[in-house]
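The values are calculated or read from the model by the stated rules, or taken from the named source; none is laboratory data. As the structure is a computational prediction, the values presented were derived from the model and not from experiment. Quick reminder, even Gly has a Cβ in these numbers, built from the backbone with ideal geometry, and neighbours come from all protein chains shown. Ligands, DNA and RNA are stripped out before the accessible areas are found, and what is left, the full protein with its side chains, is counted by its heavy atoms. Shrake-Rupley method; radii C 1.70, N 1.55, O 1.52, S 1.80 Å.
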Amino acid sequence: MRILQATPADAQALAEVHVRSWQAAYRGLVPQDHLDGLDPAARRPGWERWLAGTAWPRQGTLVAEADGRVIGFAGVLPARDDDADGATVAEVAAIYLTPESWGRGIGRALMDAALATLTEAGYREAVLWVLDANVRARRFYEAAGWHDDGVTKDDGSRGFVLTEVRYRRSLA
Ligand SMILES: CC(C)(COP(=O)(O)OP(=O)(O)OC[C@H]1O[C@@H](n2cnc3c(N)ncnc32)[C@H](O)[C@@H]1OP(=O)(O)O)[C@@H](O)C(=O)NCCC(=O)NCCS
């Protein structure tokens, strides 16, 4: 397994990993018809736009690759919350692995690489948002030094409401 910066050529693979990870991780947490309707081809243009906006090391995507295939990714950018100063606070916008890669230390390696990059980029703190019901991810974050900072939000952008919890950690 190796971790490297994503390139625009990874758009399709990233869309596939994202959809497969959503479908497995959010079963029972998100309406099933939404999960069934997720389509990597439809999400590919969004990935192409995101990858074109890479501004390494302050904004970008790391991929975990095994046997030449993308098996996971972590995306980072300046924090987008109104109460955060994006000059000093970063956001881990997403970290997703293919379901068969879970629980083998790959997420930990990706997170370590992302945090090292953010520290090197000059950020002092990082935040992320996680579904309140995503117990596996919350346990993972807490083991990796993140804590729930008490801020929550309801995201209704998909036609149903997802409650998310903000986590935070120092990069010192
Ligand atoms: C959440 C996710 C990225 C975690 O990656 P992972 O590779 O499965 O996790 P790891 O194998 O690296 O972590 C394994 C264990 O080490 C722990 N761990 C992780 N980082 C650690 C650290 N820095 N120090 C000590 N322990 C750590 C984890 O808590 C976990 O312990 P557990 O098995 O007792 O729960 C992955 O499971 C995933 O893709 N899940 C689905 C998508 C998702 O929910 N993404 C988050 C959206 S907000």
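Listing for the model above:
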item	result
Axial C-alpha extent at least 20 Å, average Kyte-Doolittle at least -0.5 - helices from the chain (DSSP)	11-25, 106-120
Dimensions in Å of the stretch 2-170 - Rg and Dmax from alpha carbons	15.2, 42
Carbon + sulfur, % of accessible area of the stretch 2-170 - ligands and nucleic acids excluded, 1.4 Å	48
Accessible-area order (highest first, 1.4 angstrom probe) of the listed residues HIS147, HIS34	HIS147, HIS34
Label-point separation in nm, LEU29 to ASP132, each point 7 Å along Cα→Cβ	1.3
Distance between the stretch 157-172 and the stretch 1-62 - C-alpha centres, whole angstrom	17
Most mobile listed residue (ALA143, ALA114, ALA25) in the chain, GNM with C-alpha springs under 10 Å	ALA143
Most mobile listed residue (VAL76, VAL130, VAL151) in the chain, GNM with C-alpha springs under 10 Å	VAL151
Net length gained if the chain between ARG44 and ALA172 were fully extended (0.36 nm per residue, minus Cα distance)	42.5 nm
Percent of C-alpha pairs per 10 Å bin, the stretch 52-127, short to long	20, 49, 25, 6, 0
Accessible solvent surface per residue of the stretch 55-172, calculated while the other protein chains remain in place, 1.4 angstrom probe, Å²	48
Net length gained if the chain between THR152 and ARG2 were fully extended (0.36 nm per residue, minus Cα distance)	50.6 nm
Contact order relative to length of the chain, as percent, for alpha carbon pairs under 8 angstrom and 6 or more apart	20
